[in-house]
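Participant: Pasting in a structure now, in C-alpha cells, and then I'll have a few things to ask.
The values are calculated or read from the model by the stated rules, or taken from the named source; none is laboratory data. Given the structure is predicted, the values throughout are model-derived calculations rather than measurements. Cβ placement follows ideal geometry from the backbone for every residue including glycine, while neighbour counts extend to all protein chains displayed.
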Amino acid sequence: MMKLVLATHNKDKITEIKSLLQELPIEILTFSDFDHFPDVIEDRNTLEGNAEKKAREIFNITGMPSMADDTGLFVDALDGEPGVFSSRYAGENVTYEDNRKKLLDEMKDIHVEKRDAVFKTVIVFIKNNEEKYVVEGECKGYIGFEEKGEMGFGYDPIFYLKESNISFAELPLEEKNRISHRGRALQKIKKVLETIIK
C-alpha cells in the first residue's frame, strides 16, 4: 500500500483531504506521524510555487510521496487580494477570524454586484525525484456582508455561492467537497493517484 504524506499542519485541510481520498488504497500520513515535521514558510509568489515548496521539502525529509496544496481567495474589487497571501492577510500568526474581519472591513462600502470572488487551489504531488503532478480547482462566488454558518474554516463563512446565496460554512463537508475549489482539485489528484496505484 502506497504511503502519502500530507505536507501541512492545517487540521481542517487534513480532514477535507482525508474525506475525499478515503476510498483509495493508500495510507495517509500527517505531521503527527513524524518526530520532525517543519512548518514550511510560504514565500513564493504563486499558489503553485508555495504548494511545490511544501511538498518537495516534506518529500526531502521523509523520502515518501508527498502532497501539498496552496489556496487563495481572489477578490475582484480588491485587484485580486488577498490572493496568495490569504492565510496571512491580517498579518503573521493570525486567526481565521482576523482574516475574515479585515476582508469584511475592506469591503464594507462595496456594492453587492461588485463583490465577486474566486477561490483557487493548486495541489502539487511529488511522487519521487523525477515525477511531479500539478492540478488545480476553482470555485466562483462572492463575498457576503456578514458571516453565516458554523461549518468549514478560513473564509468559508463569508464566501457565498451565487446560485443559492449560502456560504461555504453552511454546507456539510460532503457537499462542500463536491463543489469547492479544493474539492475539485482533489477530484483531479484522486484520478492521478488511481492511475499510479494501478
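Participant: In the stretch 139-177, which residue that is under 18 Å from Val84 (Cα atoms) and either more than 17 Å from the chain's Cα centre (by Cα) or part of a loop (DSSP other than H, G, I, E, B) (or both) is modelled with the lowest pLDDT?
Facilitator: Phe153
Participant: So, of the residues in the stretch 128-137 that are among the charged types (D, E, K, R) and at pLDDT 95 or above, which turns out to be surrounded by the most Cβ atoms within 10 Å (Cβ to Cβ)? Walk me through how you get there before you give the answer.
Facilitator: Going residue by residue through the stretch 128-137, those that are among the charged types (D, E, K, R) are 130-132, 136.
Now narrow it down to the ones that are at pLDDT 95 or above: 132, 136.
Numbers: Lys132: 14, Glu136: 18.
So the residue we want is Glu136.
Participant: Of everything in the stretch 2-20 that's of a type in the set (A, V, I, L, M, F, W, C) and surrounded by fewer than 18 Cβ atoms within 10 Å (Cβ to Cβ), which residue is farthest from Ile197 (Cα to Cα)?
Facilitator: The residue in question is Ile14.
Participant: Among the residues of the stretch 77-135, what is the count of those that are part of a helix (DSSP H, G or I), over 26 Å from Ala185 (Cα atoms) and among the aliphatic types (A, V, I, L, M)?
Facilitator: 2
This table checks each residue for (1) farther than 18 Å from Gln22 by Cβ; (2) not β-branched (Val, Ile, Thr).
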| site | (1), (2) |
| --- | --- |
| Pro157 | yes, yes |
| Glu163 | yes, yes |
| Ile166 | yes, no |
| Leu186 | no, yes |
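Participant: Going by what's in this entry, would Phe145 be described as of a type in the set (Phe, Trp, Tyr), surrounded by fewer than 17 Cβ atoms within 10 Å (Cβ to Cβ), within 22 Å of Arg88 (Cα to Cα) and without any contact (Cβ under 8 Å) to a residue 60 or more places away in the chain?
Facilitator: Yes: the conditions hold for Phe145.
Participant: Across the stretch 73-96, which residue is farthest from Asn10 (Cα to Cα) among those that are modelled with pLDDT of 95 or more and out of contact with any helix residue (DSSP H, G or I) (no Cβ under 9 Å at 6 or more places or on another chain)?
Facilitator: Asp79
Participant: Let me ask something else. Could you tell me whether any residue of the stretch 155-174 is of a type in the set (Asp, Glu), touching a helix residue (DSSP H, G or I) at 6+ places or on another chain (Cβ under 8 Å) and surrounded by fewer than 20 Cβ atoms within 10 Å (Cβ to Cβ)?
Facilitator: Yes: the stretch 155-174 contains one or more residues that are of a type in the set (Asp, Glu), touching a helix residue (DSSP H, G or I) at 6+ places or on another chain (Cβ under 8 Å) and surrounded by fewer than 20 Cβ atoms within 10 Å (Cβ to Cβ).
Participant: Could you list, in sequence order, the residues of the stretch 64-122 that are under 16 Å from Arg44 (Cβ atoms), buried (at least 21 other Cβ atoms within 10 Å of the Cβ) and of a type in the set (Gly, Ala, Ser)?
Facilitator: Ala68, Gly72, Ser86
Participant: Next up: Please verify whether Asp39 is modelled with pLDDT of 95 or more and exposed (fewer than 14 other Cβ atoms within 10 Å of the Cβ), treating the condition exactly as stated.
Facilitator: Spelling it out, it is not the case that Asp39 is modelled with pLDDT of 95 or more and exposed (fewer than 14 other Cβ atoms within 10 Å of the Cβ).
Participant: Please verify whether the stretch 47-56 includes one or more residues that are assigned to a loop (DSSP other than H, G, I, E, B), of a type outside the set (Phe, Trp, Tyr) and more than 16 Å from the chain's Cα centre (by Cα). Write out each step before concluding.
Facilitator: First pass over the stretch 47-56, keeping only residues assigned to a loop (DSSP other than H, G, I, E, B): none.
No, the stretch 47-56 has no match at all.
Participant: May I ask you to list pairs of residues, at least six apart or on different chains, whose Cβ atoms are under 8 Å apart, with the first in the stretch 15-40 being acidic (Asp, Glu) and the second being assigned to a loop (DSSP other than H, G, I, E, B) and at pLDDT 90 or above?
Facilitator: Asp39/His9
Participant: In addition: How many residues does the stretch 1-15 contain that are out of contact with any strand residue (DSSP E or B) (no Cβ under 8 Å at 6 or more places or on another chain), under 20 Å from Asn93 (Cβ atoms) and in a helix (DSSP H, G or I)?
Facilitator: Residues that pass the stated criteria total 2.
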